[in-house]
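Computed from the coordinates by the stated procedures, all read-outs in this text should not be read as laboratory data. Quick caveat: nothing in here was measured; it's all calculated off a predicted structure. Quick reminder, even Gly has a Cβ in these numbers, built from the backbone with ideal geometry, and neighbours come from all protein chains shown.
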Amino acid sequence: MPAEDKRRAPRQRHDSVLELYDEFGKLIVGIGKLVDFSMVGACFSTTKLLADGERVNARLRLLQEGVLDISAHVVWSRRQANATLYGIEFDLVRKARP
């Protein structure tokens, strides 16, 4: 029997690039591969090391939603062979352009 899913919103699988920006949103400091997302958060993998609780500024390109600038914080991480998988919770999401 599968474990109970405690997520607050349904996730949609996605395969696109997530760009990580500096605190001012000007310089790309890393890139990641989006695994899935929902209205409240996302999961992505990257070689950039982030700490639990760390604030993240990023840009997502989603087909239906367009380009989104997000501010989020890391809620969990899981080391993999060549990268780390991170779960983030959105603090702010705004449309960058259509």
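Sparsely packed loop sites in the range 13-93 (the GluC sites (Glu not before Pro) outside DSSP H, G, I, E and B with at most 13 other Cβ atoms within 10 Å) comprise Glu23, Glu54, Glu65.
Seen from Thr47, the other residues with C-beta closer than 15 Å to its C-beta sum to a net charge of +3, counting Lys and Arg as +1 and Asp and Glu as -1. With only the Cα atoms considered, the range 42-98 has a convex hull volume of 76 Å³ per residue.
The loop-placed trypsin sites (Lys or Arg not before Pro) in the range 22-98, going by DSSP, that have at most 11 neighbouring Cβ atoms within 10 Å of their Cβ come out as Lys26. Between the range 53-98 and the range 12-47, the alpha-carbon centres lie 4 Å apart.
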